[in-house]
1. Could you check the range 212-237 and list, in sequence order, the residues that are of a type outside the set (D, E, K, R) and in a helix (DSSP H, G or I)?
2. Quick one: which of 267, 277, 320, 272 is surrounded by fewer than 18 Cβ atoms within 10 Å (Cβ to Cβ) and under 19 Å from residue 71 (Cβ atoms)?
3. Does residue 111 satisfy the condition of being modelled with pLDDT of 95 or more, surrounded by fewer than 18 Cβ atoms within 10 Å (Cβ to Cβ), assigned by TED's automatic domain parsing to the domain that holds residue 171 and part of a helix (DSSP H, G or I)?
4. Of the residues that make up the range 81-89, is at least one within 30 Å of residue 221 (Cβ to Cβ), touching a helix residue (DSSP H, G or I) at 6+ places or on another chain (Cβ under 7 Å) and modelled with pLDDT of 95 or more?
5. Take the range 174-188 and flag every residue that is more than 16 Å from residue 224 (Cβ to Cβ), among the aliphatic types (A, V, I, L, M) and either in contact with a strand residue (DSSP E or B) (Cβ under 7 Å, 6 or more places away or on another chain) or at pLDDT 90 or above (or both).
6. Quick check on this structure: which one of 256, 200, 237, 230 is under 19 Å from residue 331 (Cβ atoms) and touching a strand residue (DSSP E or B) at 6+ places or on another chain (Cβ under 9 Å)?
7. Do you know which residues across the range 261-274 are part of a helix (DSSP H, G or I), of a type in the set (Asp, Glu) and without any contact (Cβ under 8 Å) to a residue 40 or more places away in the chain?
Amino acid sequence: MSAHPAQQAASLSRSAPAWRRQATALHGVPPQAEPHLHEVSSAPSAEQLARQAFARDLVQALDGQPRRISPKYFYDAAGSQLFDRICELPEYYPTRTELAILSQRAGEIARHIGPDAEIVEFGAGSLHKVRLLLDALPRAHGYVPIDISGEHLAQAAQRLRAERPGLAVRPVVADYSQPMRLPEAAPGVRRVGFFPGSTLGNFDPAEAQAFLSRAAQLLRGGGLLLGVDLVKDPAVLHAAYNDSQRVTAAFNRNLLLRANAELGADFDVDAFAHSAFYNAPLARIEMHLQSLRAQTVHIGGVGWRFEEGETLHTENSHKFSVEGLRALALRAGFGIGPVWTDPERLFSVHWLPAAQ
């Protein structure tokens, strides 16, 4: 969930940046003066590197067929705020259902986590759900929220510190979908991961197993509290991703606004429609941005043609069975613990112990 860096490192600023050079090689377009970039002498910051990664991945997505980009790029500051609004929508059942499970089962969950644990949250966002967990863990040793949006994370961490001055809060700006390192843990502290919101469903199956395998190593001797959405009536799913207030549509199209603001792209946002549907054979919701007319979009002088009806695939949200999730966790190196669901079996929360 990321901010908008304005400078590149000196090693990149004296020539076209890597993503521009790649586009030039692919399309034969001469590099042009880079907008919004200035020479600096320091190494690139984490957020500058994140911007470069966004540019590289968007160019690769536009070059691809079919065109597809990771949903992690939804989450700049504006996208993170829009997602917070989605979580409050009446059609969007996952957030309120998961919160109800966490609230009603807090005592049982706390017993599995144990005292003096350090909570590591992957994709922390606004830190809403972890408050329920921390309320049930008065002796929590600390909290490490991880998120891709540095600005949003810093603000949320500051609010949590003010609420809980005795809790050590150590935010980490990182892409948790990639291999990463955590801050050094205090001796004897048990690390417990928290991955709510069915964000695991945004990964393809192989990516989900790879993430869980890395998490099992990071959390050795502790465990993972994991929330995943369950397979259900497609009509319920359709309503959740096509809300009447069109907040999800704004969230989807914000990716184009971000590209325009950060990369100097010229997407006509009004010429792309939000499209979300359930792909039953693959048990997933797919989100796309569909071109409403034939058009060409540009980034740094390089053009990409969209035909009417052509899409940029922006997100998958896979749905799980309890048995399927447990099998995935076992393959990744976790053990199997209890699972808690709501009465309608819309959502599930799993405790997955990690071996020492």
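1. Start the filter on the range 212-237 by keeping residues that are of a type outside the set (D, E, K, R), which leaves 212-213, 215-219, 221-228, 230-231, 234-237.
Matches in the range 212-237: 212, 213, 215, 216, 217, 218, 234, 235, 236, 237.
2. Numbers: 267 fails: surrounded by fewer than 18 Cβ atoms within 10 Å (Cβ to Cβ); 320 fails: surrounded by fewer than 18 Cβ atoms within 10 Å (Cβ to Cβ); 272 fails: surrounded by fewer than 18 Cβ atoms within 10 Å (Cβ to Cβ).
Sole residue among the options that is surrounded by fewer than 18 Cβ atoms within 10 Å (Cβ to Cβ) and under 19 Å from residue 71 (Cβ atoms): 277.
3. Details: modelled with pLDDT of 95 or more: yes; surrounded by fewer than 18 Cβ atoms within 10 Å (Cβ to Cβ): yes; assigned by TED's automatic domain parsing to the domain that holds residue 171: yes; part of a helix (DSSP H, G or I): yes.
The answer is yes for residue 111.
4. If we filter the range 81-89 for residues that are within 30 Å of residue 221 (Cβ to Cβ), which is where we start, we get none.
Looking through the range 81-89, none of the residues is within 30 Å of residue 221 (Cβ to Cβ), touching a helix residue (DSSP H, G or I) at 6+ places or on another chain (Cβ under 7 Å) and modelled with pLDDT of 95 or more.
5. Kept after step one, since they are more than 16 Å from residue 224 (Cβ to Cβ), are these residues of the range 174-188: 174-175, 178-179, 181, 183-184, 186-188.
From what is left, the residues that are among the aliphatic types (A, V, I, L, M) are 174, 186.
Selection gives 174 alone.
6. Working: 256 fails: under 19 Å from residue 331 (Cβ atoms); 237 fails: under 19 Å from residue 331 (Cβ atoms); 230 fails: under 19 Å from residue 331 (Cβ atoms).
Result of the check over 256, 200, 237, 230: 200.
7. Going through the range 261-274, the residues part of a helix (DSSP H, G or I) turn out to be 261-263, 269-271.
Cutting the leftovers down to of a type in the set (Asp, Glu) gives us 262, 270.
270, the sole residue that qualifies.
Each row is one residue, and each column tells you yes or no for (1) within 30 Å of residue 286 (Cβ to Cβ); (2) among the charged types (D, E, K, R).
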site	(1), (2)
109	no, no
112	no, no
116	no, yes
124	yes, no
130	yes, no
147	yes, yes
150	yes, no
166	no, no
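The values are calculated or read from the model by the stated rules, or taken from the named source; none is laboratory data. Just so it is clear, the model here is predicted, and its values are computed rather than measured. With ideal geometry, Cβ positions are generated from the backbone for all residues, glycine too; neighbour counts draw on all protein chains shown.
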